[in-house]
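**Q** The structure that follows is given in the form of structure tokens.
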Amino acid sequence: MSDYDVVIIGAGMVGSAAACRLASDGLRVALIEARLPDLNLDDNYIDLRVSAVSRGSQVLLRQLGAWRLIEPRFRSPFRVMRVWDAQVAPRAAEVLEFDSAEIGEPDIGHIVENRRIVAALHGVIADSDAVELIAPAVATDIGLGDDHVTVTLDNGLQLRARLLIGADGARSPTREQTGIETEGWSYHQKGVVTHVRTSRPHNETAWQRFLPTGPIALLPLYDGRSSIVWSTTEDEAQRLLALDEATFNREITKATDGALGDVIDSDKRAAFPLQLLHAKQYTRPRLALVGDAAHAIHPLAGQGVNLGFADVRHLADALTAGDPGDHVGLRRYERKAKSENLVMMGTLDALHRLFTSEQPVLSRLRSAGLGLVNRVTPVKQLLIRRALGH
Ligand SMILES: Cc1cc2nc3c(=O)[nH]c(=O)nc-3n(C[C@H](O)[C@H](O)[C@H](O)COP(=O)(O)OP(=O)(O)OC[C@H]3O[C@@H](n4cnc5c(N)ncnc54)[C@H](O)[C@@H]3O)c2cc1C
């Protein structure tokens, strides 16, 4: 039996950030991961899985020492965000534009490959005496006791700690094994992702156009291309995945209304199911869930991993000194993280419903709303600050 202060299951972006943060607070951490992380980063391609890292998340990664391990050439800043509605005639359509300069910030965030974020965090972990990465390994049994938790791994190891953190993604086996129920629904949609080269430069701008079937986003990449996240119905996603490249490129040009001119070429494609999923509890005695294990949201607004990083901050700030698994600290974390996440989840879900409605009245209201927000400086500044993760 090996003893730790904290055992974390899942060494993705959120679990790895939690390990670094708690280690920097002086705790001894075991980090369990089912897959061996790929730390041999090939610079010849940009992986399809990228995240819009908000300035708030950037601050956390910097504090952990991970941001400097992502070379600046692999961080693609975006300074402007443009949002508009496809269901309104082009001349009547109002464009909502956020510019970081309006609030005196250098950028709104950065687009970074998920694998580079994980590799940077693992670089910090490799240099830490306080974190032990155990991979590949899977927890086969979890025992939550009054003053400690025991975790048995498939390699026979037994670990004991005062706190267990489930950071094992949306299908979280930790959440299932500890009987925490979830609520939510599938959007019966998929997010089709690819990278595209366009005839006009992206000018460090993120674009989002709302189509009746869901939003299509263009996020600026460091090699001049843009990453596409096209949320659409399952049937439409299947159709898009099957198209030949020239037709697919034309469809993207049309769906983005030529915002960056013509799509010249596109990378390989993948599609992910979209769902809203929320754990009914984030904590149990001696257990906390963080990241997608606690909440999975629509990629609209690209907030998924940012909410997970915010969980890490809230959890580390809430834990009771002396006993990290003490229920008073865990309750404090649950109250803070849940209330913030519910607001974000509710807002994104409402936006999704509002923008996928084809009712003409709603359509006019939407466009008027975008225009109004664009003109009312305090509201706009509030939204920019929110996007920045402040
Ligand atoms: C199409 C799409 C686009 C997105 N775009 C954005 C974006 O622009 N910005 C953004 O912020 N978010 C985005 N997201 C969401 C983001 O990818 C997730 O929120 C994020 O990956 C969650 O990180 P995580 O560490 O909580 O979970 P995960 O990344 O799922 O990591 C969980 C880890 O746990 C491990 N694991 C699982 N089970 C076990 C087990 N039993 N034992 C040990 N280890 C285990 C897994 O191997 C994995 O490494 C997007 C999502 C989708 C689908």
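The values are calculated or read from the model by the stated rules, or taken from the named source; none is laboratory data. Small disclaimer: the values here were computed from a predicted structure and weren't measured. Backbone-built Cβ (ideal geometry, glycine too); neighbour counts: all protein chains shown. Areas reflect the complete protein model, heavy atoms only, side chains present, ligands, DNA and RNA absent. Shrake-Rupley method; radii C 1.70, N 1.55, O 1.52, S 1.80 Å.
**Q** Bin by bin, in steps of 10 Å, what percent of the Cα pairs in region 194-320 do you find, going until the bin that has the longest distance?
**A** For region 194-320, the pair-distance distribution reads 12, 36, 26, 16, 8, 1.
**Q** Moving to a separate point now. Within the P(r) computed for the chain, what percentage of the Cα pairs occupies the region above 28 Å?
**A** 47 percent
**Q** What do you get for trypsin sites (Lys or Arg not before Pro) in region 85-166 restricted to DSSP loop and a cutoff of at most 16 other Cβ within 10 Å of the site's Cβ?
**A** In loop regions of region 85-166 (DSSP not H, G, I, E or B), the sparsely surrounded trypsin sites (Lys or Arg not before Pro) are Arg91.
**Q** Then there's this: For the chain, please report how many Lys pairs fall under 22 Å Cα to Cα, leaving out neighbours fewer than 8 apart on the same chain.
**A** 5
**Q** Taking amide H positions as placed in the peptide plane 1.01 Å from N, state which residues far from Val138 in sequence (5 or more) or on other chains have amide H under 5 Å from it.
**A** Asp154, Asn155
**Q** Evaluate the relative contact order of the chain (contact order divided by residue number), counting alpha-carbon pairs under 8 angstrom at least 6 apart; express in whole percent.
**A** Worked out over the chain, it gives 22 percent.
**Q** To test your reading of the geometry: what angle, between 0 and 90 degrees and rounded to tens, separates the Cα axis of helix 13-24 from the longest principal axis of the chain?
**A** Between the helix axis and the principal axis of the chain, the angle is about 50 degrees.
**Q** Take each of the peptides 133-143, 55-65, average the number of other beta-carbon atoms within 10 Å over its residues, and list them starting from the highest.
**A** In descending order of packing, they fall as 55-65, 133-143.
**Q** How large is Rg/Rh for region 96-238, to two decimals, with Cα atoms and a Kirkwood Rh?
**A** With Rh from the inverse mean 1/r over Cα pairs, Rg/Rh is 1.08.
**Q** Just to make sure I understand: if all protein chains stay in place, what is the order of Trp67, Trp207 by accessible area at 1.4 Å, largest first?
**A** Trp207, Trp67
**Q** Taking the Cα atoms of region 182-261 alone, what are Rg (to one decimal) and Dmax (as a whole number) in Å?
**A** So, for region 182-261, Rg and Dmax equal 13.1, 44 Å respectively.
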